[in-house]
Amino acid sequence: MSKDDKTESAAIEGGLSSIGKRESLKEKALSLPAEPGVYIFFDKKAKIIYIGKAKRLKQRVSSYFQEHVSHSAKTRRMVARADRFDAIVTKSEFEALVLECSMIRHHRPQYNIRLKDGRGYPFIRLSPGPFPELSVVHDNNMPKDGSRYFGPYGGWRASQMVIEALRTTLKLPVCARQFPRDIGKGRPCLQFHIGRCIGVCQGTVSEEDFKDRIRRGMMLMEGKAAGLISEMESEMADCAEKLQFEAAAQIRDEIKAIKALSNRQIVVGGGMADTDVVAAVIGETRSGVAVLHYLDGNLVGRDIELSEDTDEGELLSSFVAQYYMARGRVPRNVLLSAPIEDGELLKDVFLAKGMKVDFTVPQRGAKAELIRMAARNASEEIERVTTREEKTRFLLSELKRLLSLPSPPNRIESADISNLGDDARVGVVVCYKDGRPLKKAYRHFIIKDKDIRDDYHSMEEVLQRRFARLLKGDAGFDEMPDLLLVDGGAAHAAMAERVLKGFDLNIPVFGMVKDEKHRTRAVVSPGGGEAALTGSPGVFALIGQIQEETHRSALAFHQKQRGRFDSELDNISGLGEARRDKLLRHFKSVKKIALATPEELEALLPKNTAAAVYNHFHNPYEEV
């Protein structure tokens, strides 16, 4: 457990630091004005842990301390760590939004969405001068010296890839020389000799020729590859018409390189896309937002951010504001998977900067399919970064919530019965530890009471024997489960509860109910109350897996014991084939032979053989 997790756990166990602290914060919140502004939560070390904005500070901040308000797990953890808060009143909600985004970007609080790049977003800079150079800068370091900027791009590496691709395609210099200062100084490098640089250092390339190549690079970065290729094809045709075949071949090779570069779709930055598709996905252990950038209908980039928020609308609202405010640019159209609270405010913010944007939530058609594609991207990223341990912790916490258990059930035991008629009636108790089967803890039972004819009483005997050995401290039986599941409905669960109470054990118990297709449908309490599982697919799958594994184990043990019962007569000393057939003809089954009295056996067999048969069946099998 990390240091922050321990701090959060301690705070939660203390109940919002203390009831007195919560009431104090609530009283302070109620004294705030009902005006727009920004609020800041601090922990005990005076560290900012959350920044938010509100249309009415009083209502918004006080809601954090209302017991009846349903908050997400992330918000509950944040409030549990909060030691105090401050508020800044603004003139309008517009100003509050701008201030909130600015403060979040500067402080990067733990419980706000934390975008990957704290330094800002990278742009490609084209310097001024006769021989412009390409370089990568962040949006907080863009000198106003006549340079042109393209982007933003998804990251520093992506920006470098764009520059490298342009240099290779257009044969621009890659050395550290500065032009025109270093023209004619020194010998050309290897790149010139292998044909990957036009050799500006040799003085054979004019400023016009160099700038024409830069112009082509700008067209590529602006997504105008088709126009550039058309222009170059015209030039190639002119050269061929003038019998300048070498020049035409060179242009042909450049066109081929530009087409290859355009097909890889790495030269267009997200900031120049005309449409962004933004989808939020609420996962089991964490959430994510995917942004797909489109230009002229072509996908040209993708960004994904992860979060712990559990409300799609809130997640999108906070993400979209921070994402586009940090970039300082926004495409003409933004498609969203859900409505956002601050859509109109954001429109006003960007309109004030000379940019018009439309936020829409498509419901059907091609645009809705784009939303689904973005959601799949977010889901795949969540799945990729989520560990099995995180999934297990979440599932057990969800099971605790659904069944109102005192704690997550790290050890779950499940019981089932298997039989075929009255022969070889057996029971099994399987064990799941931390969401996985613990096969060394499985316990198998052969029903000892020969008068039992139903699964209900068979289950009762199995549970009696299992928990009697728990109290004795017998090896292999001495660990107490956090949850007991039995195959059956409310009656079976009530019987199991009576068994546990008879041993003075307080273990939550539920029955596992199946549907008409023999699949797990729900779990039921001893009182008959059902907890539906379909609302939590992960928990539904876990309970279904436990029930199937319990049934499988019981069936396998039953099949093993059937063979054992069928061959019982072969293992009795003094009982030959003739005497065995005599017994079977008279009693009809091994089961009835096992139930016979000594007198009934002596009527058919010698006294010593009858005693051997009787003793064989009345020295019952123990658990394996």
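The values are calculated or read from the model by the stated rules, or taken from the named source; none is laboratory data. Only a predicted model underlies this, so the values are computations on that prediction, with no experimental measurement involved. Don't worry about glycine lacking a Cβ; one is built from the backbone with ideal geometry, like all the others, and counts go over all protein chains shown. What goes into the accessible areas is simple: the full protein's heavy atoms, side chains included, and nothing from ligands, DNA or RNA. Shrake-Rupley method; radii C 1.70, N 1.55, O 1.52, S 1.80 Å.
Note on region 517-527: among residues that are in a loop (DSSP other than H, G, I, E, B) and modelled with pLDDT of 90 or more, the one that is surrounded by the fewest Cβ atoms within 10 Å (Cβ to Cβ) is Gly527. Residues of region 139-164 that are at pLDDT below 75, within 20 Å of His293 (Cβ to Cβ) and surrounded by fewer than 17 Cβ atoms within 10 Å (Cβ to Cβ): Gly155, Trp156, Arg157, Met161.
The residues listed here are Glu95, Glu67, Glu35, Glu100; of these, the one that is acidic (Asp, Glu), open to solvent by 40 Å² or more (accessible area, probe 1.4 Å) and in contact with a helix residue (DSSP H, G or I) (Cβ under 8 Å, 6 or more places away or on another chain) is Glu35.
Any idea which of Arg401, Arg393 is farther than 25 Å from Asp451 by Cα, at pLDDT below 90 and surrounded by fewer than 16 Cβ atoms within 10 Å (Cβ to Cβ)? Steps first, answer last, please.
Numbers: Arg393 fails: surrounded by fewer than 16 Cβ atoms within 10 Å (Cβ to Cβ).
Among Arg401, Arg393, only Arg401 is farther than 25 Å from Asp451 by Cα, at pLDDT below 90 and surrounded by fewer than 16 Cβ atoms within 10 Å (Cβ to Cβ).
Yes or no, residue by residue, for (1) touching a strand residue (DSSP E or B) at 6+ places or on another chain (Cβ under 9 Å); (2) of a type in the set (D, E, K, R):
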position	(1), (2)
Ser206	no, no
Lys211	no, yes
Gly217	yes, no
Glu235	no, yes
Lys242	no, yes
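This table checks each residue for (1) of a type in the set (A, V, I, L, M, F, W, C); (2) within 22 Å of Ser135 (Cβ to Cβ); (3) surrounded by 14 or more Cβ atoms within 10 Å (Cβ to Cβ).
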| residue | (1), (2), (3) |
| --- | --- |
| Leu220 | yes, yes, yes |
| Ser230 | no, no, no |
| Ala237 | yes, no, no |
| Lys242 | no, no, no |
| Phe245 | yes, no, no |
| Ala248 | yes, no, yes |
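The lone criterion from (1) part of a helix (DSSP H, G or I); (2) exposed (fewer than 14 other Cβ atoms within 10 Å of the Cβ); (3) not acidic (Asp, Glu) left unmet by Arg579 is number (2). Of all the residues that make up region 538-575, how many are among the polar types (S, T, N, Q), open to solvent by 20 Å² or more (accessible area, probe 1.4 Å), at pLDDT below 80 and touching a strand residue (DSSP E or B) at 6+ places or on another chain (Cβ under 9 Å)? Here the count works out to 1.
Residue by residue, here is whether (1) under 34 Å from the mean Cα position of the chain (by Cα); (2) farther than 18 Å from Lys433 by Cα holds:
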{"position": "Val462", "(1), (2)": "no, yes"}
{"position": "Arg469", "(1), (2)": "no, yes"}
{"position": "Gly473", "(1), (2)": "no, yes"}
{"position": "Gly476", "(1), (2)": "no, no"}
{"position": "Pro481", "(1), (2)": "yes, no"}
{"position": "Gly488", "(1), (2)": "yes, yes"}
{"position": "His492", "(1), (2)": "no, yes"}
{"position": "Ile507", "(1), (2)": "yes, no"}
{"position": "Glu549", "(1), (2)": "yes, no"}
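Those residues that are part of a helix (DSSP H, G or I) and open to solvent by 20 Å² or more (accessible area, probe 1.4 Å), I need them from region 340-354; list them, please. Before you say what the answer is, go through the steps one by one.
Within region 340-354, the subset part of a helix (DSSP H, G or I) is 343-352.
Glu344, Leu345, Lys347, Asp348, Leu351, Ala352, listed by residue number.
Please determine, by comparing only the residues of region 421-461 that are among the aliphatic types (A, V, I, L, M) and outside any strand (DSSP E or B), which one is most open to solvent (accessible area, probe 1.4 Å).
Just the residues of region 421-461 that are among the aliphatic types (A, V, I, L, M), to begin with: 424, 426, 428-430, 438, 441, 446-447, 452, 459.
Okay, now just the ones that are also outside any strand (DSSP E or B), so 438, 441, 447, 452, 459.
Values: Leu438: 49, Ala441: 16, Ile447: 10, Ile452: 22, Met459: 3 Å².
Among those that are among the aliphatic types (A, V, I, L, M) and outside any strand (DSSP E or B), it is Leu438.
One residue stands out among those in region 471-490 that are surrounded by fewer than 22 Cβ atoms within 10 Å (Cβ to Cβ) and touching a Pro at 6+ places or on another chain (Cβ under 9 Å): the one that is farthest from Arg521 (Cα to Cα), which is Asp482. Inspect all residues belonging to region 204-215 and state whether any of them is assigned to a loop (DSSP other than H, G, I, E, B) and surrounded by 14 or more Cβ atoms within 10 Å (Cβ to Cβ). Checking region 204-215: at least one residue is assigned to a loop (DSSP other than H, G, I, E, B) and surrounded by 14 or more Cβ atoms within 10 Å (Cβ to Cβ). Restricting region 193-203 to residues that are at pLDDT below 85 and open to solvent by 60 Å² or more (accessible area, probe 1.4 Å) leaves a set whose member that is nearest to Ser127 (Cα to Cα) is Arg196. Among the residues here, Tyr614 qualifies as surrounded by 13 or more Cβ atoms within 10 Å (Cβ to Cβ), modelled with pLDDT of 75 or more and either among the hydroxyl-bearing types (Ser, Thr, Tyr) or closer than 27 Å to Arg443 by Cα (or both). Pairs under 7 Å by beta carbon, first residue in a helix (DSSP H, G or I) in region 382-399, partner of a type in the set (Val, Ile, Thr), six or more apart or different chains? Pairs that qualify, where the first residue is in a helix (DSSP H, G or I) and the partner is of a type in the set (Val, Ile, Thr), are Ile382/Val281; Glu390/Thr285; Lys391/Thr285; Phe394/Thr285; Leu395/Val539; Glu398/Val539; Leu399/Val539. Could you list, in sequence order, the residues of region 410-420 that are at pLDDT 90 or above and open to solvent by 20 Å² or more (accessible area, probe 1.4 Å)? Hit for region 410-420 is Asn410, nothing else. For the residues Arg84, Arg56, Arg60, the requirement of being more than 23 Å from Asp303 (Cα to Cα), at pLDDT 90 or above and loosely packed, with under 15 Cβ neighbours inside 10 Å singles out Arg84. Among the residues in region 326-339, are any of a type outside the set (A, V, I, L, M), open to solvent by 60 Å² or more (accessible area, probe 1.4 Å) and within 22 Å of Arg108 (Cβ to Cβ)? The answer is yes; a qualifying residue exists. Filtering region 582-611 to residues that are assigned to a loop (DSSP other than H, G, I, E, B), surrounded by fewer than 16 Cβ atoms within 10 Å (Cβ to Cβ) and at pLDDT 80 or above leaves Thr597, Ala603, Pro606.
Filter region 400-420 down to residues that are in a strand (DSSP E or B) and of a type in the set (Gly, Ala, Ser) and give me whichever is nearest to the chain's Cα centre (by Cα). Of everything passing the filter in region 400-420, Ser414 is nearest to the chain's Cα centre (by Cα).
Kindly indicate whether any position in region 301-308 is in contact with a Lys or Arg (Cβ under 6 Å, 6 or more places away or on another chain) and assigned to a strand (DSSP E or B). Walk me through how you get there before you give the answer.
Taking region 301-308 as the starting set, the residues that turn out to be in contact with a Lys or Arg (Cβ under 6 Å, 6 or more places away or on another chain) are 306, 308.
So of that shortlist, the ones also assigned to a strand (DSSP E or B) come out as 306.
Yes, because at least one residue in region 301-308 is in contact with a Lys or Arg (Cβ under 6 Å, 6 or more places away or on another chain) and assigned to a strand (DSSP E or B).
Scan region 179-199 for residues that are in contact (Cβ under 8 Å) with a residue 24 or more places away in the chain and over 22 Å from Ile255 (Cβ atoms) and report the count. Total satisfying the criteria: 2. For first residues located in region 452-468 and touching a residue at least 12 places away in the same chain (Cβ under 8 Å) and under 20 Å from Tyr442 (Cα atoms), partners that are surrounded by fewer than 18 Cβ atoms within 10 Å (Cβ to Cβ) and of a type outside the set (Lys, Arg) and lie 6+ apart or on another chain with Cβ distances below 6 Å form the pairs Glu461/Asp449; Phe467/Phe503.
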